[in-house]
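K.L.:
Dropping the structure in here first, questions after.
Here, each number is a calculation from the coordinates, and none is a lab measurement. The shown structure was predicted, so the numbers you read here are calculated from the model rather than taken from an experiment. Using ideal geometry, Cβ is built from the backbone for each residue, glycine included, and neighbour counts are taken over all protein chains shown.
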């Protein structure tokens, strides 16, 4: 029996490809975005306590209520916007599930969705899966700033949604307050939904501020916001995140969510509800990762890479145009095989696979790993 593919042109994720190569060639893995240090033992113990206390059956479909209350308090304290924990927050199996569910709930055949490339690789396939059409807008290095006139020019009567990601993976760019106000103006004027992917919201450098979609009242009223505890608390394998949205949007989200996963890991939710009560667990994260970024870039200062320091996330772009004329895919493959260091080619995230001779590295690693990796890269 032949089953026609719904995504016939979608290859295996580059993250899976490069991580497998890292294993095959015994290379330092700076490709996939996960820490190689443990999550907080205090948080781990809270999960164990929750299991011993009997929280081993299904959580409520929207998520543990205490956790939703803590998330509501966090957003209100940070961004001065209240989300009702009863009806405007849902705990998800990671941010990717939240993104999938948002698109499933809103995008229909022939709807157009604007994305900014380089873009996280789950956006476009999910839109296509539900019959939508991607309208890409290419951000150009080294600053990856948005040209809002280009955005306005790309909006049509079929534009249903704009997807943004700030702090931005892979570039490390941040949307400014002015960016968010322009997004608010355009989406209000044209009645467009927003999916705001904010999974790196607590990893921002050089005293910059996160401009959440929830900070802007008119924008918040048409936005789904996604976030990730895995990214925040060094445990990506737990796959716990959440979605925040006004009630009329969350109602549609939950209609789909209940049939995708119904509910997610109960003991982890109970643990996170307690852990979030101490604000320092997320407020100190920027300092923690800025030390890692600065350490890594300092060791790379004499390399031949051209570097614009990341403003957020735990990723850094490296321009290798003065080292090699190879494509970024060939360059990363050679790095892995010959130099034993795995990175990510960024052309795979760009419109038309445009190659700017940039690779992405993850610095959510121990200082020992970063020093070893930087030594290899500096010798190129």
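K.L.:
With both bridge residues required to lie in the range 45-278, what share of the DSSP beta bridges run antiparallel, to the nearest 5%?
P.N.:
Bridges in the range 45-278 are about 30 percent antiparallel.
K.L.:
With a point put 7 Å past each Cα toward its Cβ, work out how far residue 323 is from residue 218 in nm, to one decimal.
P.N.:
4.6 nm
K.L.:
Neighbour counts of other C-beta atoms within 10 Å: give me 76, 351 arranged from fewest to most.
P.N.:
76, 351
K.L.:
In nm, give the distance between the simple-model label positions of residue 53 and residue 376, each being 7 Å from the Cα along the Cα-to-Cβ direction.
P.N.:
In this crude spin-label approximation the distance works out to 4.3 nm.
K.L.:
Rounded, prolate or oblate: which fits the range 165-205 when a ≥ b ≥ c are the square roots of the eigenvalues of the alpha-carbon gyration tensor, with rounded for a/c under 1.5 and prolate only if a/b beats b/c?
P.N.:
The shape class here is prolate.
K.L.:
Could you work out [θ]222 nm for the chain from helices alone, using -39500 (n - 2.57) per DSSP H run of at least four and dividing by all its residues? Round to the nearest 500 deg cm²/dmol.
P.N.:
That comes out to -12000 deg cm²/dmol.
K.L.:
Sticking with this one: For a Förster distance of 41 Å, can you work out the FRET efficiency between the beta-carbons of residue 181 and residue 1, rounded to the nearest 0.05?
P.N.:
Efficiency at R0 = 41 Å is approximately 0.15.
K.L.:
Remind me, relative contact order of the chain in percent, using alpha carbon pairs under 8 angstrom and six or more residues apart?
P.N.:
Worked out over the chain, it gives 25 percent.
K.L.:
Here's another thing I want to ask about it. Starting from the Cα of residue 66, move 7 Å in the Cα-to-Cβ direction to define the label point; list residues of the range 253-288 whose amide nitrogen is under 16 Å from there.
P.N.:
From the range 253-288, the list is 265-279.
K.L.:
Okay, moving on. From the square roots a ≥ b ≥ c of the eigenvalues of the alpha-carbon gyration tensor of the range 215-267, which class results: rounded (a/c under 1.5), prolate (a/b over b/c), or oblate?
P.N.:
In terms of gyration-tensor shape, oblate.
K.L.:
Taking every DSSP beta bridge that has both residues in the range 53-191, what percent is antiparallel when rounded to the nearest 5?
P.N.:
Given both bridge residues lie in the range 53-191, the antiparallel proportion sits at roughly 0 percent.
K.L.:
Which parts of the range 92-125 would a label at residue 156 reach, counting a residue when its backbone N lies under 12 Å from a point 7 Å out along Cα-to-Cβ?
P.N.:
Residues 110-114 qualify, since their backbone N sits under 12 Å from the label point.
K.L.:
If you take the beta carbon distance between residue 140 and residue 13 as r and set R0 to 30 Å, what does 1/(1 + (r/R0)^6) give as a FRET efficiency, to the nearest 0.05?
P.N.:
It comes out at approximately 0.80.
K.L.:
Multiplying the sequence separation of residue 109 and residue 278 by 0.36 nm and subtracting their Cα-Cα distance, what value in nm do you get?
P.N.:
Going from the current span to full extension adds 56.4 nm.
K.L.:
Highest mean first, what order results for 105-115, 339-349 on Cβ atoms within 10 Å?
P.N.:
Per-residue mean Cβ counts within 10 Å order the peptides as 339-349, 105-115.
K.L.:
Would you work out if the range 337-380 is rounded, prolate or oblate? Take a ≥ b ≥ c from the square roots of the eigenvalues of the alpha-carbon gyration tensor; rounded if a/c is under 1.5, else prolate when a/b is larger than b/c, oblate otherwise.
P.N.:
prolate
K.L.:
Further question on the same structure: Based only on other Cβ atoms within 10 Å, what is the fewest-to-most ordering of 243, 362, 122?
P.N.:
Least to most surrounded, the residues fall as 122, 362, 243.
K.L.:
Sorted by mean Cβ packing within 10 Å, highest first, what order do the peptides 161-167, 287-293, 8-14, 272-278 take?
P.N.:
The packing order, highest mean first, is 161-167, 272-278, 287-293, 8-14.
K.L.:
While we're looking at this one, here's another question. From Cα pairs below 8 angstrom and at least 6 apart in sequence, can you work out the relative contact order of the range 138-232, rounded to a whole percent?
P.N.:
Across the range 138-232, relative contact order equals 28 percent.
K.L.:
If one computes the Cα centroid of the range 80-113 and of the range 341-371, what distance in Å separates the two points?
P.N.:
One Cα centre to the other: 28 Å.
K.L.:
Next question. Between 44, 29, 265, where does the largest GNM mean-square fluctuation fall for the chain, given springs only between Cα atoms within less than 10 Å?
P.N.:
44
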